[in-house]
Structure formats: structure tokens, C-alpha cells
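**Q** Sharing a structure with you now.
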Amino acid sequence: MKLSAFAKVAAIGGIAALTLTSCAANEGAPAEGDAQASSLSGTLVGGGASSQGSAQEAWVAGFQTAHADVTVNYDPAGSGAGRETFQQGASAFAGSDRAFKTDEITAGPFDSCATDALVEFPAYISPIAIIFNVDGVDSLNLDAATVAQIFNGSITKWNDPAIAGQNPDATLPDLNITAVHRSDESGTTGNFTEYLAAAASADWTVGSIESWPTEFGGEGAQGTSGVVEAVSNGVGTIGYADASRAEGLGTVAIKVGEEYVEYSPEAAAAIVDASTVEEGRGEHDIAIKLDRTSTAEGVYPIVLVSYLIGCEEYQDSANAELVKEYFGYIVSEEGQKLAAEAAGSAPISADLRSKIEPAIAAIK
């Protein structure tokens, strides 16, 4: 259902009121030279993927320092909410842990856009960590089938032979497993289940989905923060979350070929560069088709590729100018370095940047 003009204004106001990012970023005064160099002004509203939260805070701070008269509000309400808000015209851009599907673009419309042509590209690349909380166990080795059976409810004990056999040196308790999943529609869930569907199709039969299947049970939690909190505060818990939030919890190394690979920004970037761009999309719609079953050395397959989404042509030229400049800053070497420092993400490669920059340049 579309938003009325009044509802759109209210939604934008709500995002601005709920979002602390821009307030925190404005606490520091920009350098005098930077402020004088920029003639850009206005308020830019976006929202979506919570996985981008820490990176967005860093990007907003850097961008507002360079452009003192610009306010950027980003609401990390989740990928699904971000796409919906963008499509309804209540935000100028979205962050999402997946690109729009081609049939969603065809169905349209996108109320902020003058046409249905979208600019979509990877801006944040990060491994998805499988996190757990078992006393005395800091790390585990698991293959795809075992992970799938834990999350579909088939494996219910931490000392199950499937886990113990891959971890002969670990002291595993006779303790119930509580598998924690996202309760909201989530691109992180979509990426996680895409891996399970590709690498363990016999045990994960529901495909790549953003809303958790109720028949598998487990404990639901809202957003990335909710999953991390539930795993941290539970006993015998396991979940999945952006790796930037895994500190202090046990983590899983995933079997790739004959080796177990721990998550890292480098391993996440490796699988993206080894993958291809999806066919059948617009000229400036850069969606990556990840090879989740790769056996290449050093590749970590449970990776989150989070996108920025905007219009190729905006109804409002002021939005076009702000989005174009902000997107350009994010994919710059400086912007990617800030995200890596703030969130532990993998900077996009020079090759990928060379594909993205013409898409941003096309925004009008």
C-alpha cells in the first residue's frame, strides 16, 4: 500500500526523530576549510539494513564533516523495511542486504523515482559469523550440513556426534541447543539461508528466504542487536549475525573443500571478487551472484553483501544531488576505509569500484 503525501512526510520525520546517527556525527565541528569548500546543503533520508549500522555512522560522520550544511539520517530498521520505505517514497535511498529482485522492480512503482530504473551496488561486504555461547568452548569447526541441521532443529544437543566428530579436542556438554534467528524480515537471514540452500540442500529444503520458517522453531530476535543479545545472554545458544558484532562470543569455522575457514574481511572479499554480476538487470543495477559452493582456498562462503539502492532519475533534483554525492563518498577509498575501521568490513576492490562509479555518475 502506498503512503499518502502526509504519511510520507510523517514517515520521514519519524526516521529523523528515531535516528541518532546524524546527531552523533554533528557533535564535532567540521574543519573550517572543509565547510568552506562545500556548497552542498539539505537533509538526506535513508534507512534499511542494520548490518550497515556501524558503517553508516562512520560514513555520515565523515560526509557531514566535509559538508557542514548537510544532515544525513539513516534508520537501521532492517533491509525489508528499508526497501519498502524507499519504494513508497518516504526515503531517498535504502540500504539492503540484497538487491531488489527483477520481478519486484518490474512490479514497481518507486515513488521517489522518475522512472523504474534503479541504481544498486554493493557498498558493504562482511562475513556473517555463526556465533554461539557454550561455557568453555571458544571456537568450533562445522560443515554446511551440520549447520543446516542445527538451524532446522534436527540436531538438538551440543554433544551430538555430528558436532563432536568435527571437534575432537572440544569438551562439548550434554546441553540443549537453542538456535536464535531473526524475527524480522532480514537480508542477513536471506544471505545465511542462501548459503544453506546452496551448500546443504538435502538438509535445508526451504531455499533462500528472508523470513524465518516457523516450522523450524528456535528463538526469534529483532535485528542484529537482538540476535547478538539473545545469544550472549542465553545458555547453549547459537545464532548468525554480521561478523562485526561477534566479539566476545564463540565463533564457527566453516568447511570449504577439505579445510575449515574462519571468517575474515579478506575471505569475504575473496568470494565476491570470484563471483559474477547477475544477468537481466539494468545497466546500473549491479547485483552480485555469489558462488556459495566455492572450494577455492581461503574463501569464506557465508558472506553478506549489503547494497545501496537509489533512483537512476529522481523526482526531486535535490535528492539526486545529495544521493549522488553521498554514494560517491561511500564507495571512495576513504569511505571504504572508514567502514573497515568502524565495522571490520572488507573494502570493495578497485575492479568493483570501477563498475560502480559509472552507475553513481548516472544518477540525476
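**Q** Neighbour counts of other C-beta atoms within 10 Å: give me Glu185, Glu57 arranged from fewest to most.
**A** By the 10 Å Cβ count, ascending, the order reads Glu185, Glu57.
**Q** Which residue, Thr171, Ala198, Gly218, has the largest displacement toward the positive end of the dipole of the range 127-270 when charges sit on each Cβ (Lys, Arg +1; Asp, Glu -1)?
**A** Checked the options; the winner is Gly218.
**Q** Something else now. For the charge dipole of the chain, defined by +1 on Lys and Arg C-beta atoms and -1 on Asp and Glu C-beta atoms about the Cα centroid, which residue among Ala114, Asn159, Gly48 has the Cα displaced farthest towards the positive pole?
**A** About the Cα centre, the residue reaching furthest to the positive side is Ala114.
**Q** For the range 109-254, with only Lys/Arg (+1) and Asp/Glu (-1) charged at the beta-carbon, what is the dipole magnitude about the Cα centre, in debye rounded to 20?
**A** Computed about the Cα centre, the dipole is about 220 debye.
**Q** Starting from the Cα gyration tensor of the range 30-114, take the square roots of the eigenvalues, sort them a ≥ b ≥ c, and report rounded, prolate or oblate (rounded when a/c is under 1.5, otherwise prolate if a/b is larger than b/c, else oblate).
**A** prolate
**Q** List the relative contact order of the range 170-297 as a percent without decimals, with contacts defined as Cα pairs under 8 Å and 6+ residues apart.
**A** Rounded, it is 24 percent for the range 170-297.
**Q** Let me ask something else about it. When the Karplus curve 6.51 cos²θ - 1.76 cosθ + 1.60 is applied with θ = phi - 60°, which whole-Hz ³J(HN,Hα) does each residue of the range 242-250 get, with x for Gly and Pro?
**A** Each residue of the range 242-250 in turn: 3, 4, 5, 9, 8, 4, x, 10, x Hz.
**Q** Mind putting a number on the dipole of the range 210-330 about its Cα centre? Charges go on the C-beta only, +1 for Lys and Arg and -1 for Asp and Glu, and I need it in Debye to the nearest 20.
**A** With only Lys, Arg, Asp and Glu charged at Cβ, the dipole is about 340 debye.
**Q** Compare the peptides 237-244, 187-194, 60-67, 212-219 by average per-residue count of other Cβ atoms within 10 angstrom and give them in order, highest first. The partial results should precede the final answer.
**A** Values: 237-244: 26.6, 187-194: 25.1, 60-67: 21.5, 212-219: 15.0.
Most protected by this proxy first, the peptides run 237-244, 187-194, 60-67, 212-219.
**Q** Same structure, new question: Place a +1 charge on the Cβ of each Lys and Arg in the chain and a -1 charge on the Cβ of each Asp and Glu, then give the dipole magnitude about the Cα centre in debye, rounded to the nearest 20. Write down the numbers at each step before the final one.
**A** Numbers: 17 positive and 50 negative charges, 111 e Å.
Here the chain has a charge dipole of around 540 debye.
**Q** Oh, and also: Can you compute the modelled spin-label distance between Thr276 and Asn167, with each label point 7 Å from Cα toward Cβ, in nm?
**A** 3.8 nm
**Q** Each residue of the range 110-120 in order: what ³J(HN,Hα) in whole Hz does its phi give by Karplus 6.51 cos²θ - 1.76 cosθ + 1.60, θ = phi - 60°, with x for Gly and Pro?
**A** So the J values, rounded to whole Hz, are 10, 5, 7, 9, 7, 9, 8, 6, 10, 9, 9.
**Q** Moving to a separate point now. Quick one: grab the alpha carbon gyration tensor of the range 208-262, order the square roots of its eigenvalues as a ≥ b ≥ c, and give me rounded if a/c is under 1.5, else prolate or oblate depending on whether a/b is larger than b/c.
**A** Numbers: a/c = 1.89, a/b = 1.27, b/c = 1.49.
Note, shape of the range 208-262 comes out oblate.
**Q** DSSP loop (so not H, G, I, E, B), at most 12 other Cβ within 10 Å: list which GluC sites (Glu not before Pro) in the range 292-347 pass both filters.
**A** For GluC sites (Glu not before Pro) across the range 292-347 that sit outside H, G, I, E and B with at most 12 neighbouring Cβ atoms in 10 Å, the list reads Glu297.
**Q** Would you mind classifying the range 127-270 by shape? Square roots of the alpha carbon gyration tensor eigenvalues, ordered a ≥ b ≥ c; an a/c under 1.5 is rounded, otherwise it is prolate if a/b is larger than b/c and oblate if not.
**A** rounded
**Q** Label Ser39 and Ala350 with points 7 Å out from Cα along Cα→Cβ: what is the distance between them in nm?
**A** For the pair Ser39/Ala350, the computed spacing is 3.3 nm.
**Q** Along the positive direction of the dipole of the chain (beta-carbon charges: Lys, Arg +1; Asp, Glu -1; about the Cα centre), which of Tyr260, Ala77, Ala339 reaches farthest?
**A** Result: Ala77, furthest along the dipole toward the positive end.
**Q** I would also like to ask the following. Please compute the contact order of the range 134-222 in relative form: average sequence separation of alpha-carbon pairs under 8 Å and at least six residues apart, divided by the residue count, as a percent.
**A** In percent, rounded to a whole number, it is 33.
**Q** Using r as the Cβ-Cβ distance of Glu104 and Asp316, and R0 as 25 Å, what FRET efficiency do you calculate, to the nearest 0.05? Could the numbers behind the result be given before it?
**A** Details: r = 22 Å, r/R0 = 0.90.
Step by step, r from the Cβ atoms, then E = 0.65.
Here, each number is a calculation from the coordinates, and none is a lab measurement. Since the structure is predicted, the reported quantities are computational estimates derived from the model, not experimental observations. Backbone-built Cβ (ideal geometry, glycine too); neighbour counts: all protein chains shown.
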